[in-house]
1. Please report, ordered by residue number, the helices (runs of 4 or more DSSP H) entirely within the chain with at least 1 residues that are touching a Pro at 6+ places or on another chain (Cβ under 6 Å).
2. Got a sec? Which of 40, 26 is within 25 Å of residue 12 (Cβ to Cβ), out of contact with any helix residue (DSSP H, G or I) (no Cβ under 6 Å at 6 or more places or on another chain) and open to solvent by 100 Å² or more (accessible area, probe 1.4 Å)?
Amino acid sequence: AADSKREQFRRYLEKSGVLDTLTKVLVALYEEPEKPNSALDFLKHHLGASAPENPEIEALRLEVAEMKEKYEAVLEENKKLKTKVKVY
């Protein structure tokens, strides 16, 4: 009986998308190069349990991500140009 209830609950979690969401968040935590001090805060943040986001904050996050990409591209270009002119 207990196994049956457990299986029903597992199917419920799977059907509602909970297992998939938890798996994605745990994989994201696993793939973090520098583990956060609080794994629980990481989970809460990625599951949306933290305070509601201001749309402006999300826009700024996107802008920061774009700037990081541009910065990396400029660093790479700078490295190639230095190699061409042999400046160290």
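The values are calculated or read from the model by the stated rules, or taken from the named source; none is laboratory data. These numbers were taken from a predicted model, which means no experiment stands behind them. Positions of Cβ are generated from backbone atoms using ideal geometry, with glycine treated the same way; all protein chains shown enter the neighbour counts. Side chains included, ligands, DNA and RNA excluded: accessible areas come from the protein's heavy atoms. Shrake-Rupley method; radii C 1.70, N 1.55, O 1.52, S 1.80 Å.
1. 39-47
2. On the way: 26 fails: open to solvent by 100 Å² or more (accessible area, probe 1.4 Å).
Going through 40, 26 in turn, just one is within 25 Å of residue 12 (Cβ to Cβ), out of contact with any helix residue (DSSP H, G or I) (no Cβ under 6 Å at 6 or more places or on another chain) and open to solvent by 100 Å² or more (accessible area, probe 1.4 Å): 40.
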